[in-house]
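Notes follow the structure.
The values are calculated or read from the model by the stated rules, or taken from the named source; none is laboratory data. Model, not experiment: these values are computed from the prediction. We place every Cβ from the backbone using ideal geometry, glycine too, and count neighbours over all the protein chains shown. Areas reflect the complete protein model, heavy atoms only, side chains present, ligands, DNA and RNA absent. Shrake-Rupley method; radii C 1.70, N 1.55, O 1.52, S 1.80 Å.
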Amino acid sequence: MTLGAQIAWDDTVLPFQLDRSDIRGRVARLDSALDSVLAQHDYPPVIESLVAEAVLLTAMIGQTMKLRWRLSLQIRGNGAARLIATDYFAPGENGEPARIRAYASYDKERIDLNAPPFSQIGEGYFAVIIDQGRDMVPYQGLTPIAGNSLSACAETYFAQSEQLPTRFSVAFAATQNGGHRLRRGGGVMLQHLPKASPHVAGDATGDAGLLAPADMLEGDEADNWNRVNLLLDTVEDTELLGPSVQPTDLLLRLFHEEDPRVFDAQPVSFGCTCSEEKVRNSLSIYSAKDIATMTTDDGKVTADCQFCSAHYELDPATVGFEATHEPRP
């Protein structure tokens, strides 16, 4: 594959449909976008792996939805990994990149560097939040942490909350190039096309008594779903990650008998929406007395963005609803 072809597929989500099986999907390839997300923090490898998986899931899920603004994932647990949060911001115009960001909160003292990353979460919940912007009430769907990966949690969410059989296969790798750590991630999402009147065939058979794809499909639909999943089971991490295998070639290798069709790829980049104005707005509810308690010994009110590590220093006289001075331009 030429360098030009490789670059063309880096940091994209490619939508596709398997016409024979009535299944849609996405292929994600995140290179510099994922590297930029993770480079904002010095995460231990087990936390970095969890954040990378969450970012890949967010990119694929976000691209499937008709978003006007933001889709977020939140994973909260009672283990060492307390919170993983991601945001996917829809592109403003056709051809523009979607923006993605993420961060994790974790307990350094409780991390087991030799344990599987998913075991660091413990018990908790997996949340999908869809925010369509100003004057719209955000939608939030919750399911318990279940299975043995964040991908399994996302599959459970779609089965339980949307009654949509869904499957994810993701891979993440990090290499050292001199003094710089380089990260790549890739994944495939499969989802049965929505039916007009979804129904559950019987009792829930998934983890913790939750719904699984087999509970929602029967007859030819179940056969199609099982066949396509068996094909996805043959994928290798090197194929998911690239860059030597293009997403279109991967689809042909896996699903050539399912009549795959591809649509326009969506570019993805790292992007944060934090700003000094937003920090000031968040502080506008506080009195001068409250602002005084937030002021450092150096006479500044400071704030740090958890997503991009941006640092803001503000004059306390210019913040809060009792501000006495205008901020300098």
Expected single match for closer than 22 Å to VAL245 by Cβ and either among the aromatic types (Phe, Trp, Tyr) or modelled with pLDDT under 95 (or both) among LEU3, LEU67, LEU56, LEU14 is LEU3
In the stretch 290-329, residue surrounded by the most Cβ atoms within 10 Å (Cβ to Cβ) [restricted to those that are among the β-branched types (Val, Ile, Thr) and farther than 27 Å from HIS41 by Cα]: VAL319
Selection within the stretch 123-145 - assigned to a loop (DSSP other than H, G, I, E, B) and either open to solvent by less than 10 Å² (accessible area, probe 1.4 Å) or more than 19 Å from ALA80 (Cβ to Cβ) (or both): GLN132, GLY133, ARG134, ASP135, MET136, VAL137, PRO138
Could you tell me whether any residue of the stretch 49-59 is surrounded by 24 or more Cβ atoms within 10 Å (Cβ to Cβ), small (Gly, Ala, Ser) and outside any helix (DSSP H, G or I)? no
Provide a single number: the residues in the stretch 233-247 that are open to solvent by 40 Å² or more (accessible area, probe 1.4 Å) and outside any loop (DSSP other than H, G, I, E, B). 2
Condition set of a type in the set (S, T, N, Q) and in a loop (DSSP other than H, G, I, E, B), scope the stretch 256-313, selection farthest from the chain's Cα centre (by Cα): answer is SER287
Run down GLY147, GLY124, GLY186, GLY141 and say which single residue is modelled with pLDDT of 95 or more and within 30 Å of GLU221 (Cβ to Cβ). GLY186
Condition first: touching an Asp or Glu at 6+ places or on another chain (Cβ under 6 Å) and under 18 Å from CYS274 (Cβ atoms). Now tell me which residues in the stretch 47-99 satisfy that. TRP69, ARG70, SER72
Total residues in the stretch 79-122, condition open to solvent by 70 Å² or more (accessible area, probe 1.4 Å) and either part of a strand (DSSP E or B) or touching a strand residue (DSSP E or B) at 6+ places or on another chain (Cβ under 6 Å) (or both): 2
Filter the stretch 268-287 for residues that are open to solvent by less than 50 Å² (accessible area, probe 1.4 Å) and either more than 24 Å from SER36 (Cβ to Cβ) or aromatic (Phe, Trp, Tyr) (or both) and give the result. ARG280, LEU283, SER287
Among residues of the stretch 242-274, those that are of a type in the set (Gly, Ala, Ser) and either more than 30 Å from ASP304 (Cα to Cα) or touching a Gly at 6+ places or on another chain (Cβ under 7 Å) (or both), counted: 3
Please enumerate the residues belonging to the stretch 28-44 that are closer than 22 Å to PHE168 by Cβ and outside any helix (DSSP H, G or I). ALA28, ARG29, LEU30, ASP31, TYR43
